[in-house]
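One structure is given here, and the rest of the page talks about it.
The values are calculated or read from the model by the stated rules, or taken from the named source; none is laboratory data. A quick note: this is a predicted structure, and the numbers were derived from the prediction, not measured. Cβ sites come from the backbone with ideal geometry, for glycine too, and all protein chains shown count toward neighbours. Accessible surface is based on the protein model in full, side chains and every heavy atom, while ligands, DNA and RNA are left aside. Shrake-Rupley method; radii C 1.70, N 1.55, O 1.52, S 1.80 Å.
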Amino acid sequence: MFLLSSDSLKQQLANSLTVAVLLSGAATSAASAQSVLPSVETKADESGEVVSADQEAATELLSEPKSSQSSEVESAGSIPSASEIAPELGDDVMVYPHEIDGRQAATLYVKDIPVLTFIGTEIHTLSNRNDAIALATADPVAELQSGSATAGDILDEASENDPVLRATNLGRQLSDGQIDASTLSVRWHEETDGYIVTLADEDLIALDSRTVLADTTEDAAEDALQVTNRLRRLLGGAEPVSEIEGLPEPEPVVEAAPAQTVAIVSSNVGGASWYGPGFHGRTSANGEIFNQYALTAAHRTLPFGTRVLVTNLYNGRQVTVRINDRGPYAGNRIIDLSAAAAAEIGLIDSGVGTVQLDVLAY
C-alpha cells in the first residue's frame, strides 16, 4: 500500500503483503540490470570493488533514496515510499492497493473519501509495473542512460491493465490544482452502453466492470452520479448534478388492458349433458351446421347467439358457450353442451353433471 495523506496509512503500506508481491520485483530487477549492462568505463566503489559506469547508473536509477520515515518499510523488502512512486499526487489524494476475490485492485481516495475502485488481474501474477521493468533490464542492449526510454515510458502500454497505475494516473490529474469542479459532469456513452465522467467536456474516466464506485449501489446510473458528485464536492465544493447527459428516455411502460367485466343478466342451476358424434355435421335449430368441436350449446328458450357462462359445480371449471340449438328435452337438464364445451369443464366421462348458468349481457 502507499499513500500520501497520513503516516498511519504509510505504516499499513509496510504490512500489506499484496503490495510486497506487486513491488518486490523492483529489487530483483535492479540486480538483473547490473548483471546484463555492458562495462564501458569502470571505477572502484567505496568497498574497493570495480564497477562499470553503466552499472552504477542503473543502480542509482532503480534504487531511489528512501525517506527517513520508511526504515520499517525498507526492512520488509525495500518497498519505495509513496512520494517515490507518485510524487505528483497531492496530500489530498491517496491510492490504496488491495485485493478483491483474488484479483489486484486499487481504490482512489480523495480527502480520505473512497471514490473509485480499479480492478485488475489475478493477485498472484506480477504487476505490469514489475513486468515492464524486468523486460527492460533483461534486454542486453537496453540502455538506462540519460536520453533512453525510462520505466515510465515503458509502463504506458501496460498501465491499462494495472489497477494501481490506472488509479495513480487519475490521481495525478485530480491533483493538478487547476480543476474547476463545476465543470465535472457525467454522460451516457451509447456505443458501450456505459457512463463517462467528463471534465470541461473532455472524457476523464469511463465507468465499467473494471472501474466502479468504491461502495457500489449495484445501479450503474446511480453509481455514475455518485462518482461525479463526490468529485465535484471534494475537489471544489460544487453543487451536485442530478442528470446524466445524453441518457436515452426509458421505454414507455405499456400497461395491460384492464380486465373486461361482463354483466350477468340472470343465473340458474340445473343438470347439463352433452352431444356431438351423432349430430356432427347436421343442421342446428338456428340453421347453421352443428360442429361438435365449437363451443356451442342447446337451450330451450334462450335467444340464439346468447353467451352463457357454464360452471361445473363439481370441480369449479368454466366455459363460455354460444346458444345455437334447442334442447335438451329429456329429464331435468337445462343445457346440452357440444363435445368441446363438455371437455372444457370435465363433463365427458360422467356424461351429465350439475352446472350453474350465468347469462351474459353481450
Next item on the list: Could you check, for segment 213-227, whether at least one of its residues is open to solvent by 80 Å² or more (accessible area, probe 1.4 Å), among the β-branched types (Val, Ile, Thr) and in contact with a strand residue (DSSP E or B) (Cβ under 9 Å, 6 or more places away or on another chain)?
Entry: no
Check: Is there any pair with a first residue in segment 279-299 that is more than 21 Å from residue 355 (Cβ to Cβ) and without any contact (Cβ under 8 Å) to a residue 40 or more places away in the chain and a second that is open to solvent by 60 Å² or more (accessible area, probe 1.4 Å) and among the hydroxyl-bearing types (Ser, Thr, Tyr) whose Cβ atoms are under 7 Å apart and which are 6 or more apart or on different chains, and what are they?
Finding: 289/283
Margin query: Quick test of your reading of the structure: residue 278 fulfils all but one of (1) under 30 Å from residue 110 (Cα atoms); (2) over 52 Å from the mean Cα position of the chain (by Cα); (3) of a type outside the set (Ser, Thr, Tyr). Name the failing condition by number.
Written below: (1)
Notebook entry, point to check: For segment 149-163, what are the residues that are assigned to a loop (DSSP other than H, G, I, E, B) and either hydrophobic (A, V, I, L, M, F, W, C) or modelled with pLDDT under 85 (or both)?
Noted result: 149, 150, 156, 157, 158
Notebook entry, point to check: Can you tell me which of 334, 323 is in contact with a Phe, Trp or Tyr (Cβ under 8 Å, 6 or more places away or on another chain) and in a strand (DSSP E or B)?
Noted result: 323
Next item on the list: Report, by residue number, each residue of segment 223-275 that is more than 24 Å from residue 173 (Cβ to Cβ) and outside any loop (DSSP other than H, G, I, E, B).
Entry: 264, 265, 266, 267, 268, 269, 270, 271, 272, 273, 274, 275
Next item on the list: Please find, within segment 310-362, the residue that is nearest to residue 277 (Cα to Cα) out of those that are surrounded by fewer than 17 Cβ atoms within 10 Å (Cβ to Cβ), of a type in the set (Val, Ile, Thr) and over 52 Å from the mean Cα position of the chain (by Cα).
Entry: 348
Notebook entry, point to check: For segment 231-256, which residues satisfy the criterion of being over 18 Å from residue 203 (Cβ atoms) and open to solvent by less than 70 Å² (accessible area, probe 1.4 Å)?
Noted result: 234, 236, 237, 238
Margin query: Tell me whether segment 199-215 contains one or more residues that are closer than 18 Å to residue 93 by Cβ, touching a residue at least 40 places away in the same chain (Cβ under 8 Å) and hydroxyl-bearing (Ser, Thr, Tyr).
Written below: yes
